[in-house]
Amino acid sequence: YEEFEEGAEEVVEVEVAPEAAPEPEPEPEPEPEQEPEPEPEPEKQPEPEPEPEVHEEEAYEEEEDKPKFKPSAPKIPDGDKVDFDDIQKKRQNKDLVELQALIDSHFESRKKEEEELIALKERIEKRRAERAEQQRIRAEKDKERQARREEERLRKEEADAKKRADEDAKKKSALSSMGSQYSSSLHKADSKRGGKKQTEREKKKKILADRRKPLNIDHLNEDKLREKAKELWDWMYQLEAEKFEHIEKLKRQKYELQEGRRCSPQKVSVNGEIYTHGQDMPAARVSELYLQSPGISDPPPPGSL
C-alpha cells in the first residue's frame, strides 16, 4: 500500500506541466543517439598466441563491424511525460509571429503602392495642366494669325477698291473729253434700241391680252356654266389638234428637206471632167478610160457597158 501511494505521488508530479512562457521558446535540439555499448565477448579458451599480423587484421575487422554514427529523429524520453498543450501553444505563437510579419509586409507594400498612385496622379495633373497651357498658347497664336490675315484682306480690298475708283475716274474723264457729238450719237443709238424693245414688249402684251380673255362667269347659273365649260373644252381640243398638226407638218418638212438634200444631183470629177450624179457618160469616153486603166489591152464589147 505504501509503495502504491509513492507511485501515485510520482505520477502526480509528472503530470503537472510547467507554465508556458509568453515568448515562444526554441524547440529542444535532438540529443545525439548514444552509441550502443559492445557486448561482452565470451571467454575463450587459451589458445596459442597468434602472430602479430593476424591480430592486426582482426582489430581492423572489429573496427569495421562497429556501427557508425547516424543522426536520427529525437526520441521522447520514457521517464517524462510530453506536454502537447505547450507544443501547441508554441506552434500557435510561431504562426502568429509569421502572420504578423505577413500583415506588416502587406501593409508596407500597400503603403508603397498608395504612394506610387499619389505620385502618378500628381504627374497626370501636372501633364494635364501643361497640355491646357499649350492649348491656350496655341489658341492665342491662331487667333493672332487670323487677325493678321483679316487685316491683310481688308487692306487688300481697300487697295483694290481705291484702284478701281481711280480707273473709273480716268475712264469718265476720258469719255467726257471725247466730245459731245459722240455722246449724243451714243444716246440716240441707246434710245432707238430701247424703243424697239419697248415696241416688241408691247406687241407681246397685246397678243397675250387678246388670247387671255376674262371668263365673267360670276353671274351665270348652272346650265350656263356647263355650256361655258363645254365651250372651253372644245376650244382646248381645237388648240391641241392644231398643235398636233403643226408638229406633224414640221416633221414632214424636215423629212422632205433631208430627202431632197440626199436626192439632189451631185457632181463627180473624172480625169478633170465634171459629171453630174446620174448623168450618162458617152460610150467613147468610157472605152477610152477603160483602155487607159493598167492591165487592159482590148476594149470591152459595146453591149457590156
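Starting from the range 93-107, keep only residues that are at positive phi, then list their pairs with residues that are small (Gly, Ala, Ser) and surrounded by 10 or more Cβ atoms within 10 Å (Cβ to Cβ) whose Cβ atoms are within a distance under 7 Å, requiring at least 6 positions of separation or different chains. Nothing qualifies.
Could you say whether any residue in the range 72-84 is part of a helix (DSSP H, G or I) and at pLDDT below 90? Among the residues of the range 72-84, at least one is part of a helix (DSSP H, G or I) and at pLDDT below 90, which makes the answer yes.
Of the residues that make up the range 172-183, is at least one basic (Lys, Arg), at pLDDT 90 or above and surrounded by 10 or more Cβ atoms within 10 Å (Cβ to Cβ)? For the range 172-183, residues basic (Lys, Arg), at pLDDT 90 or above and surrounded by 10 or more Cβ atoms within 10 Å (Cβ to Cβ): absent.
The values are calculated or read from the model by the stated rules, or taken from the named source; none is laboratory data. Source: prediction; values computed, not measured. Here Cβ is always computed from backbone atoms with ideal geometry, including for glycine, and neighbour counts include all displayed protein chains.
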